[in-house]
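Working notes, beginning with the structure itself.
The values are calculated or read from the model by the stated rules, or taken from the named source; none is laboratory data. What you are looking at is a predicted structure, and each value in this text was computed from that prediction instead of being measured. Neighbour counts are summed over all protein chains in view; Cβ atoms, including those assigned to glycine, are modelled from backbone coordinates with ideal geometry. In case anyone asks, the SASA skips ligands and DNA or RNA and just uses the protein heavy atoms, side chains included. Shrake-Rupley method; radii C 1.70, N 1.55, O 1.52, S 1.80 Å.
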Amino acid sequence: MKQLTHEVSHHKAFVLGIQHLLAMYSGAVAVPLLIGTALHFTSTQMTYLVSIDIFMCGLATILQLIRNRYFGIGLPVILGCAIQAVAPLKMIGKTYSIGTMYGSIIIAGIFVFLIAGIFAKIRRFFPPVVTGSLITVIGLTLIPIAVQNLGGGTATSSSFGSLRTLLVGGITILIILGIQFWGKGFIRSIAVLIGLIGGTLIAGMMGMVSLKPVAQAAWFHFPQPFFFGAPRFALSPSLTMIIIALVSMVESTGVFFALGNLLHRETTAADLKRGYRAEGLAVILGGIFNTFPYTTFSQNVGLLELSGIRTKRPIYWAATLLMVMGLLPKIGALATIIPTPVLGGAMLVMFAMISVQGIRMLGNVDFTDERNPLIVAISIGAGLGVAVYPNIFQAFPPALQLFLGNGIVVASICAVGLNALLHHKEITTATNDSH
C-alpha cells in the first residue's frame with residue numbers, strides 16, 4: 001500500500017483520533033436516540049442503548065481495521081450506525097417487538113457476510129466515471145445535513161437560522177479555514193478539532209452549552225448480550241433489514257473506492273469482500289448486543305482529506321476511545337455538549353471536501369467521449385433529486401421504497417447501469433482479459 005503520509009507518533013495519533021471521534025459522534029448517537037425515543041424506552045434503557053452503541057462503534061471499526069484473510073479491508077475507516085435503518089427499525093419495533101427488531105438485524109448481518117464474495121465481483125463495473133460520480137453524490141447529499149445542523153438542527157423550529165446559531169457555526173468554519181490557510185504541520189492536520197473546541201468555547205460564552213448530560217450520565221456500563229431479551233425472527237422484518245443492508249453495502253462501496261483513491265491504492269475484489277464481511281460481522285454483533293446495524297461512515301473521508309494524515313493509527317485510537325467512552329458514559333457524554341451549529345460548521349467543510357474528491361476523480365475521465373458526460377449528468381442529477389425528494393417513489397411497493405429512497409443508491413444504479421450499457425464492449429473485453 002502506498003501511503004500519502006508517514007506514520008504519525010502515538011501522541012499525535014491520539015489527538016487525531018479525538019478529531020475523528022468528534023466528527024462522527026453525533027451521527028453515532030443519533031440512531032439510538034431516535035429509535036429509543038420512538039419505542040418509549042426508559043431512561044435506564046436509553047443509557048444502556050447509547051453507551052453500548054458507542055462501544056460497538058469502536059469494536060466494529062476495529063473489525064474493519066484488522067486486515068486478515070477472512071475479513072477487514074485494512075483502510076482508515078470508521079464504522080457507525082446506519083442512519084437509513086432508523087425508520088424500518090422503528091416500524092419493526094412498534095409493529096412486531098423489540099426482539100423481532102434485533103432478530104432481523106442478526107439475519108441481515110448473516111446475509112451480508114454470506115454474499116460478500118458475490119457482491120465484491122462488481123469491482124469491474126466501477127471505473128473512474130462511476131466512482132467519481134458516486135463519491136461526488138455522497139458528499140453533496142450530506143451537505144444539507146450539515147446546513148441543517150448549522151442552522152440549529154431542527155428546520156421547523158422558530159430559532160432555526162437565528163443570528164446566534166449562524167454566528168457560532170460561521171466562526172467554527174472560519175477557525176477551520178484559518179488554520180488550514182495559516183497553520184503548519186500537525187496543527188494544520190487537527191484544524192477540525194480546533195474548530196470544534198473553539199466554536200464550543202465561544203458558544204459556551206453565549207450560554208449555548210449545557211453540562212447537564214455529563215452530570216446525569218452513569219459512571220459505568222458493560223455490554224450485555226440480549227439486554228432487551230432473546231431475539232425473534234420473522235420473514236418480513238428480516239427481508240426489510242436485508243434491503244437496508246444492501247443499501248449500506250452500496251454506500252460502503254463508494255467509501256472504499258474513495259479511500260483507495262486517497263491512498264493511491266487499487267481497491268480489489270478481495271479488499272471489497274473482506275470489507276463487506278467485516279460489516280456483516282459488525283451487524284451480527286449489533287443484533288446480539290442489542291444495538292444497531294453498522295456501516296462505514298463517509299464523513300471521516302473528508303477529514304482524511306483535510307488533515308492529510310491517512311494512516312490507520314489515528315483510527316485505532318478513535319476506535320479505542322469509542323470503546324472506553326461506551327464503558328464510561330460520563331466521559332462519553334462530554335462529546336454531546338458540542339452545540340449543533342458548531343458541528344454543522346465542521347460538517348459543512350468535511351462533506352464539501354468529499355465532493356471535491358469526487359470531482360478530482362472525474363478530472364481523470366475522458367469527457368471528449370460523449371457517453372461519459374451523460375453517465376455523470378444522469379447519475380448525479382438522479383441521486384441529488386431523490387435525496388431531496390425521496391417520496392418520489394411513494395407509489396412503489398414498500399420494499400422498493402426502502403431501496404430507491406436513498407439518493408446514493410439511485411446514483412449508483414444509474415452510474416453502474418449506464419456505464420454497463422454504454423461501455424459494454426470495454427467491460428466485456430476487460431472481463432475476458434482477466435480470465
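Quick notes on this one:
- Single residue of segment 228-273 satisfying the filter (assigned to a loop (DSSP other than H, G, I, E, B) and open to solvent by less than 70 Å² (accessible area, probe 1.4 Å)) that is modelled with the highest pLDDT: P231
- Checked against (1) over 22 Å from Q84 (Cα atoms); (2) under 20 Å from the mean Cα position of the chain (by Cα); (3) of a type in the set (A, V, I, L, M), L327 meets all criteria but (2).
- Enumeration of residues in segment 143-196 that are part of a helix (DSSP H, G or I) and of a type in the set (F, W, Y): F181, W182, F186
- Residue list for segment 312-370, filter: polar (S, T, N, Q) and in contact with a helix residue (DSSP H, G or I) (Cβ under 7 Å, 6 or more places away or on another chain): T320, T336, T340, S355, Q357, N364
- Counting only residues that are within 22 Å of the chain's Cα centre (by Cα) and assigned to a loop (DSSP other than H, G, I, E, B), segment 32-75 holds 7 of them.
- Candidates are the residues of segment 95-119 that are part of a helix (DSSP H, G or I) and of a type in the set (S, T, N, Q); the one that is most open to solvent (accessible area, probe 1.4 Å) is T95.
- The set of residues from segment 29-55 being more than 16 Å from F228 (Cα to Cα) and open to solvent by less than 10 Å² (accessible area, probe 1.4 Å) comprises V31, I54.
- Hey, G17 touching a residue at least 12 places away in the same chain (Cβ under 8 Å), open to solvent by less than 10 Å² (accessible area, probe 1.4 Å) and either assigned to a helix (DSSP H, G or I) or in contact with a strand residue (DSSP E or B) (Cβ under 7 Å, 6 or more places away or on another chain) (or both) or not: yes
- Residue in segment 196-206 that is without any contact (Cβ under 8 Å) to a residue 24 or more places away in the chain and of a type outside the set (A, V, I, L, M) present: yes
- Test for L65: is it out of contact with any strand residue (DSSP E or B) (no Cβ under 6 Å at 6 or more places or on another chain) and more than 28 Å from L404 (Cβ to Cβ): yes
- Scanning segment 103-114 turns up at least one residue that is over 21 Å from T253 (Cβ atoms) and of a type in the set (S, T, Y).
- Filtered residue count, segment 64-94, keeping only those that are surrounded by 22 or more Cβ atoms within 10 Å (Cβ to Cβ) and of a type in the set (S, T, Y): 0
- Cβ-Cβ under 6 Å pairs, at least 6 apart or on other chains, segment 118-134 side at negative phi, far side at pLDDT below 85 and open to solvent by 40 Å² or more (accessible area, probe 1.4 Å): R124/A430; P128/N364
- Residues of segment 288-313 satisfying the condition of being modelled with pLDDT of 80 or more and surrounded by 24 or more Cβ atoms within 10 Å (Cβ to Cβ): N290, T291, F292, P293, Y294, T295, T296, F297
- Among the residues of segment 89-103, those identified as farther than 17 Å from D53 by Cβ and not hydrophobic (A, V, I, L, M, F, W, C) are K94, T95, Y96, S97, G99, T100, G103.
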